[in-house]
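**Student:** Right, I'll just put the structure down here and ask away after.
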Amino acid sequence: MNHKLLGGLVACGVLLVGNLAVAQSPRKLKAKETQLIDSIQGPALSKAYCASCHGDDGKGDGPMAKSLKVKPADLTRIAARNGGTFPLMRIERIISGEGQLPNGHGTGEMPVWGPVFSHIERDQDLGRVRIDNLARYLRDIQAQ
């Protein structure tokens, strides 16, 4: 398994860290601690939850990047790190917290977004849609 690819996937989860203190354990993030945006579209989700670490363009240079122990991955290079194929299902599992984090990832600073996207009382059924839309957006921004 390509650890650089998994690192890129893991980095996507870091995007929601903007509303949390870095010292917190984001893997234990609770839905009530993070505001859910109204949009379910990939670009809006990326901007709200990923850009603080990965940057607006997904290249790993967001404003929180310097405060992290492990540099956020360049999300535009996931396919390149995976032999030219974007692993959509693997990315979805990592965003949701169902996928295994790569060895050497560091401290698990990337939050798991599945609970945040899914366990909000007003629209619990849209969690998987959000995860899928975010993963497809990441697929769409891959460097050519």
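The values are calculated or read from the model by the stated rules, or taken from the named source; none is laboratory data. None of the values given here were measured: they were computed from a predicted structure. Reconstructed Cβ throughout: ideal geometry from the backbone, glycine too, with neighbour counts over all protein chains shown. Only protein heavy atoms, including side chains, enter the accessible area calculation; ligands, DNA and RNA are left aside. Shrake-Rupley method; radii C 1.70, N 1.55, O 1.52, S 1.80 Å.
**Student:** Taking the Cβ of K47 as the center, what net charge do the other residues with Cβ under 12 Å away carry, scoring Lys and Arg +1 and Asp and Glu -1?
**Tutor:** Net charge around K47: -2.
**Student:** Another one. Determine the per residue accessible area of segment 39-96 with all protein chains present and a 1.4 angstrom probe, expressed in square angstrom. Kindly include the intermediate steps, with their values, before the conclusion.
**Tutor:** Details: 2740 Å² over 58 residues.
Here the residues of segment 39-96 average 47 Å² of exposed surface.
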